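Derivation of every value follows stated rules applied to the coordinates shown; laboratory data play no part. Because the structure is a prediction, the values reported are computed rather than measured. Counting neighbours? That spans all protein chains shown, and the Cβs are built from the backbone with ideal geometry, glycine included.
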Amino acid sequence: MSFLISLFVVLHMICWAVALGTWVASARTRVPNKGMAHATAGALVFGIVLAALVSIGGDPNHMKLGIKLLLAIVATVLAYIANRKQTETPSAVWFGIPTAIIVNIVVAVFV
């Protein structure tokens, strides 16, 4: 079970890294890459699976998991909105994506 949890943690972190990296790569032109939306969705799915595995194995911090789930949903929705609107993406949506990703990572590390 420990290996499975570690595997999903790695996949979850890789998805967040890809999402943030694709945002940084597109920041100058503000033309979102489809990979950003898919990476945030992947991080969301891997995070849900990871939360389920942690819940089976012990006593998780439900507040932390809830906050991370909310932030992952926000980042995913904003990434798909940006992907749909392309160059007409509002600034709040465009800058909300990395904000949600970074806050999610900060909650994961410090809470």
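Alpha carbon centre of segment 62-84 versus segment 35-52: separation in Å? Each part's Cα centre sits 9 Å from the other's. Convex hull volume of the C-alpha atoms in segment 1-40, normalised per residue: 40 Å³. Between residue 5 and residue 85, the distance separating the two model label sites (each 7 Å from Cα on the Cα→Cβ line) works out to 4.0 nm.
Relative contact order for segment 2-110 using alpha-carbon pairs under 8 Å, separation at least 6, rounded to a whole percent? Don't skip to the end; give the middle numbers.
Values: 115 pairs, mean separation 31.6, N = 109.
With pairs under 8 Å counted, the relative contact order is 29 percent.
Take the Cα of residue 17, step 7 Å toward its Cβ, do the same at residue 49, and the gap between the two points is 1.8 nm.
Across the chain, the convex hull enclosing all Cα atoms gives 83 Å³ per residue.
A simple packing score, the average count of other Cβ atoms within 10 Å per residue, orders the peptides 71-78, 10-17, 102-109, 87-94 as 71-78, 10-17, 102-109, 87-94, with the highest score first. Qualifying trypsin sites (Lys or Arg not before Pro) in segment 1-106, where qualification requires a DSSP coil assignment and no more than 15 other C-beta atoms within 10 Å, comprise 28, 30.
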